[in-house]
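All remarks here apply to the structure that follows.
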Amino acid sequence: MSKILSTLYLLVFCSLSYSQSFNGFALYNAQGENTTYLIDENLNIAHTWTMSTECNYTVLLKDNGNLVRGTKNNIQTGGTNNSLNGAASAGRVQEFDPSGNIVMDFIYSSNDVLSHHDICLIGDNVLLTAWEVKTSAEVNALGGSVTSDKWPTHFVEISSDGNGGGQIVWEWHIWDHLIQDTDSSKPNYGVISDNPQLIDINMITQGGGGDWFHVNGVDYNEDLDQIAFSSRFASEIYIIDHSTTTAEAASHSGGNSAMGGDILYRWGNPSNYNMTGNQIIPAAVHDVRWITDDGRPNGGFLQVFNNSGVSSNQSTVDGIETPIDPSNAYNYYRANGQAFGPVSYSTRYVCAYSASGQSASDRMSNGNIFVNASGGQGGAGVMYEVNQNGTIIFGPYNADTQKAFRYECEHPAIIALEPFMNSTATSSCFSTSVSNFDNQNLSIYPNPTNGFVNIDFPFYNIDNVKLKIRNQLGQEIKMINRITSSSIDLGNQPNGIYHFSIFVDDEEIETFKVALIK
């Protein structure tokens with residue numbers, strides 16, 4: 001028992017040491033719900049957007065504070081049900097101002113195309129991940145071997161048309177970049193290992209229905225003008241050139257890379273292009289993104305949520321230092337006859353909470369890693385932030401969302417949203433200290449405890465002082481609006497870490513983490 005208590009004490013001490021490191025907000029939309037939440041580091045709801053349609057996967061903030069949201073195009077006024085259907089199907093993207101007014105509404109749904117899964121921002125534009133229908137005859141005419149229609153991935157970039165709608169200004173299709181080595185009489189026949197810039201039309205044999213590649217994550221790098229995306233069924237990530245015209249994107253030349261819309265870089269599963277090497281992504285992968293290159297640790301690396309990085313039930317967040325070609329900064333180096341490097345991940349964080357599908361991660365400016373382990377497919381359903389010592393300093397919060405993101409205090413969207421924040425928000429981004437409070441006079445003990453927690457506090461029985469207690473999932477278990485007692489009973493709660501927050505005039509002035517073990 002003494003060893004357990006010592007371990008818990010160390011955990012609590014480390015948590016207290018870094019309890020102030022989380023600085024900003026988290027944005028999420030619970031799976032299957034119509035409301036998007038922006039919460040502060042104290043788990044208070046700072047802002048909400050409630051819509052008439054269900055979010056399909058991703059919500060994002062523009063710099064002006066507007067919300068961009070992929071949504072299901074069904075059971076709504078002015079819309080129709082999608083003809084196609086599959087995992088994280090959408091068919092619609094909308095932009096809302098901070099007051100919830102629709103700024104842009106664009107439907108991408110027909111018998112032939114459907115947006116799905118992820119979106120990302122390209123300046124003020126929105127990039128949609130989408131399917132397009134190809135018949136089995138069309139696939140087999142290009143050297144495939146299928147018995148049903150397939151829906152290869154394409155991307156469409158949407159800009160506002162100035163009238164509340166959207167218009168397509170750029171697109172890229174995987175269909176234009178396929179190769180096969182089964183029939184020399186058919187188009188795009190070639191040696192696959194000699195052409196890693198193309199996708200083997202026969203490389204994916206898993207998956208059912210039309211969703212062929214199951215592309216589930218997309219990100220944009222403004223400095224490189226490139227797009228990264230992840231494919232669950234290929235267990236691989238890719239980079240393509242965005243500096244092309246749409247015509248060049250359908251070809252093999254043009255753009256900064258001079259490679260048109262061909263694959264510039266791919267990683268995670270070398271067997272997809274008949275190369276030897278370790279398969280570092282053994283199964284599902286989600287949410288490929290660049291770590292912002294502004295001086296933070298590992299800036300410029302790609303980062304992925306490797307769902308089964310260690311095992312089928314142990315996820316990792318992996319960083320990849322991409323090998324920039326020294327002769328062209330917009331291309332990636334690959335040694336002749338070898339797979340793209342690196343041979344393994346450059347950095348790895350083994351997740352405290354895992355998920356077999358969906359999910360997201362990000363690297364914060366101070367080096368912390370924000371993790372959203374999705375609740376779908378039996379996942380943990382929580383988001384949290386961990387510091388560089390591996391200590392969780394925010395969460396785990398039971399968001400039950402496919403993707404969630406952190407926005408730090410300095411982000412333009414947070415600054416723009418400040419006037420719209422709920423009065424209950426207590427983020428350190430905007431708060432000021434209480435001048436007449438001396439935290440040296442405050443202590444909570446014993447810690448760890450087996451039931452009762454004692455509070456030494458100088459402001460008993462004052463109306464504007466309250467205590468809020470949350471469990472490790474962020475759920476409030478007790479609110480004391482006037483502290484009248486020096487002892488709190490946690491005896492009826494399960495073992496775990498509990499968050500004690502002291503508020504004066506609705507401003508959080510101190511937070512403690514207390515370990516309960518009985």
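Tabulated results
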| quantity | calculated |
| --- | --- |
| Additional length obtainable on full extension of the chain from F452 to S327, 0.36 nm per residue less Cα span | 38.4 nm |
| Contour excess over end-to-end distance, with Cα ends at T292 and D63 and 0.36 nm allotted per residue | 80.9 nm |
| Rg(Cα) / (2.2 N^0.38 Å) computed for the range 21-420, rounded to two decimals | 0.94 |
| Estimated FRET transfer efficiency (Q475, Q377; beta-carbon r; R0 22 Å; 0.05) | 0.45 |
| Burial ordering of E510, E41, fewest other beta-carbon atoms within 10 Å first | E510, E41 |
| Separation in nanometres of the label points that stand 7 Å from Cα toward Cβ, at Q338 and F420 | 5.0 nm |
| Residues C351, C429, sorted so that the one with the fewest Cβ neighbours within 10 Å comes first | C429, C351 |
| The chain - percent relative contact order, Cα under 8 Å, separation 6 or more | 12 percent |
| Antiparallel DSSP beta bridges within the range 21-420, as percent of all bridges there, nearest 5 | 95 percent |
| Rounded FRET efficiency, nearest 0.05, which uses the C-beta distance separating D223 from S486 and R0 of 60 Å | 0.60 |
| Folded to 0 to 90 degrees: helix 2-17 orientation relative to the chain principal axis, Cα | 80 degrees |
| Hydrodynamic radius of the range 181-339 per Kirkwood, over alpha carbon pairs, in Å | 16.5 Å |
| Estimated distance in nm for a label pair at F430 and S346, the labels positioned 7 Å out from Cα along Cα-to-Cβ | 3.7 nm |
| Those residues of the range 264-282 whose amide nitrogen sits under 17 Å from the label point placed on S193, 7 Å along Cα→Cβ | 269-279 |
| Contour excess over end-to-end distance, with Cα ends at S160 and N389 and 0.36 nm allotted per residue | 78.1 nm |
| Lysine pair number, Cα distance threshold 28 Å (strictly under), the chain, separation 8 or more or different chains | 21 |
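Quick note: the coordinates plus some simple rules give every number you see, no bench work behind them. Computed from a prediction, not measured in an experiment: that's the story for all the values here. Because the Cβ atoms are built from the backbone with ideal geometry, glycine has one as well, and the counts that use them run over all protein chains shown.
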